[in-house]
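Only the coordinates and a few stated rules stand behind these numbers; no lab work does. On a predicted model such as this, the values are computed, not experimentally measured, just so you know. Using ideal geometry, Cβ is built from the backbone for each residue, glycine included, and neighbour counts are taken over all protein chains shown.
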Amino acid sequence: MRRVSKTSPRSSIYNANVYGLDTKDIWTCLTCGLCPMECPQQVDFLSFIKEEREGKQPLEVAHLGVFTELADLSSKLDGTAKPESGDSKYGYFPGCVDSLGLFLHDVKTDFGEITTSSLKLLDKIGIKPKVLQMKCCGHDVLWQGKKDVFDRLKNYNKKYIKESGIETLVTSCAECYRTFSKDYDLGIKVVHTSELLDKLGLKINADVTYHDPCRLGRHMGVYDAPRKALTSNGANIKEMEHSKENALCCGVSSFMNCNEQTKALRIARMNEAEATGAKTLITTCSKCLAHFNCLKTEKDAVKKYDFDVVDLSVFLARQLEAGK
Amino acid sequence: MSGEASTAPKGNGWEPNILAFCCNWCSYAGADLAGVSRFQYPPTVKILRVMCSSRVEPAFILKALKDGADGVLVAGCHIGDCHYIDGNKNAEVRINNTKKALAKLGLDKRLRLEWISASEGLRFSEVIRDFTEEIKKLGQNPVKEVK
């Protein structure tokens, strides 16, 4: 965020904790986790932001808060879905890809394909998971300061997971992965699909570049698994100028702050991807996918990008279909 | 909006509480015509005028349902009659998508999209009557009040 606007983590903390001021800095933060990476004192800035936002009104929520409203609505309903029976020890949670597809229909991305592709790939490596029909994981509402809504969702989901009797929760979304690992205390193993896909035995032979989503990379420290999933299947990764710990943010997290500054960040990231010369930009977060594709489909875009932006599991499943 | 929706009497005296978004050019005029022509319809509906049916964001509908509205009606001009040429076509896409999202929560029958022109006062009253009956069959909005 500092690249494009005058924001400072130090002044955010000072204003909130020392002077007791209401400050918009806590809302413009993208929670991408780049500040704690640089901090010599290892201040946990993300936890500060999360706590400081609790119970306060967000400054700006993108898409008029439709995803927040949906999560809030579902949190107030009694869930009727019962877990699938069966003795599979794996559970797969698709996340909010369906509602992303429904409410972001302008972006022209088939979000549902992430789910079908992930299931296809898991099937290929011999995992037949139960598909979990839970409520939203609550990532967005948690980072928007709505702790009460998050707690309701969390209580429901925890009960659901317990009833389903699974021992490993697989998710294809970086945000769900972070939330289930760090903000829930499930007591079961949580894995991201990218950590399972290195033994597919594909021979892709294409140049790709990989964007580290903040939730998977800096928040959870998973940098190598998705890269290994690509290289062990024959893809050639061309790294961007900023990658791994220093990866730039896609511009928006938890559907907050879609404005000029965040769009500038997005353009910066897309330019880096273009500079690698790869024809495919791969990411592992459905939000990053939505934002990059949004920039690509923008009507009055300053610049047109001619590479594809796809999710890792979609990319691998397409290659599997093509018989490589 | 939230305060009004939650004051619906509970229990036996329960009457549906429907929020209707009516477009300025057709449906609102249709509601007006229903009024001046004295067509009877149940007082379960609260009409909110918007300039076009495509002004109604999915977020508005979800918020209304979240805050306790028993039904949401979105009414606009017939296809081809939109004052803004193709606003109602966009509204149709949006509302259908919202319906699909609500279907997962079991609330899709509480959302309805209707085309009512300025000359269809009778149709307006029929739509309200019909929707009220349907909501009565469905019962109260299942959202729990959270303190």
**Request:** Return A:HIS105, A:HIS211 ranked ascending by Cβ neighbour count within 10 Å, so the fewest neighbours appear first.
**Result:** A:HIS105, A:HIS211
**Item:** Relative contact order (%) - criterion: Cα under 8 Å, at least six apart; region: segment B:17-138
**Value:** 38 percent
**Fill in**
Computed from every Cα-Cα pair in segment A:1-143, P(r) in 5 Å bins starting at 0 and rounded to whole percents is 2, 8, 13, 15, 14, 13, 13, 11, 7, 3, 1, 0
**Item:** Paramagnetic reach from A:LYS303 in segment A:236-265 [backbone N under 16 Å; point 7 Å along Cα→Cβ]
**Value:** A:240-242, A:248-251, A:261-265
**Message:** For a bin width of 10 Å, list the pair-distance distribution of segment B:52-110 built from all Cα-Cα distances, rounded to whole %.
**Reply:** 23, 51, 23, 3
**Fill in**
Rounded to one decimal in nm, the spacing of the 7 Å Cα→Cβ label points at B:GLU145 and B:LYS109 is 2.5 nm
**Item:** Hull shadow area, averaged, segment A:9-53 [alpha-carbon convex hull, nm²]
**Value:** 2.9 nm²
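Segment A:202-321: percent of C-alpha pairs farther apart than 18 Å? Mind showing how you got there, number by number?
Numbers: 3412 of 7140 pairs.
Value for segment A:202-321: 48 percent of Cα pairs lie more than 18 Å apart.
Per the Cauchy relation, a quarter of the hull surface: what is the mean projected area of the convex hull of the alpha carbons in the protein assembly as shown, in nm²? All intermediate terms of the calculation are to be shown ahead of the outcome.
Working: hull surface 99.8 nm².
Answer in nm², one decimal: 25.0.
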**Item:** Estimated dipole of the protein assembly as shown in Debye, rounded to 20 [Cβ of Lys and Arg +1, of Asp and Glu -1, Cα centre]
**Value:** 540 debye
**Request:** Quantify how much of the Cα-Cα distance distribution of segment A:62-195 extends past 22 Å, in percent.
**Result:** 36 percent
**For segment B:17-138, average projected area of the Cα convex hull in nm²** = 6.5 nm²
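How large is the translational diffusion coefficient of segment A:161-233 in µm² per second when you combine the Kirkwood radius over alpha carbon pairs with Stokes-Einstein at 25 °C and 0.890 mPa s?
Numbers: Rh = 13.3 Å.
In µm²/s, the coefficient rounds to 184.
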**Message:** Sort A:HIS219, A:HIS192, A:HIS242 by Cβ crowding within 10 Å, fewest neighbours at the top.
**Reply:** A:HIS242, A:HIS219, A:HIS192
**Complete:** With -39,500 (n - 2.57) per DSSP H segment of 4 or more residues and division by the full residue count of chain B, the 222 nm estimate, nearest 500 deg cm²/dmol, is -12000 deg cm²/dmol
**Prompt:** Considering only A:CYS176, B:ALA69, B:CYS82, whose Cα is most displaced toward the positive end of the charge dipole of the protein assembly as shown, charges sitting on Cβ of Lys, Arg (+1) and Asp, Glu (-1)?
**Reply:** A:CYS176
**Asked** So what is the diffusion coefficient of segment B:18-85 in µm² per second by Stokes-Einstein at 4 °C and 1.567 mPa s, using a Kirkwood Rh over Cα pairs?
**Response** 103 µm²/s
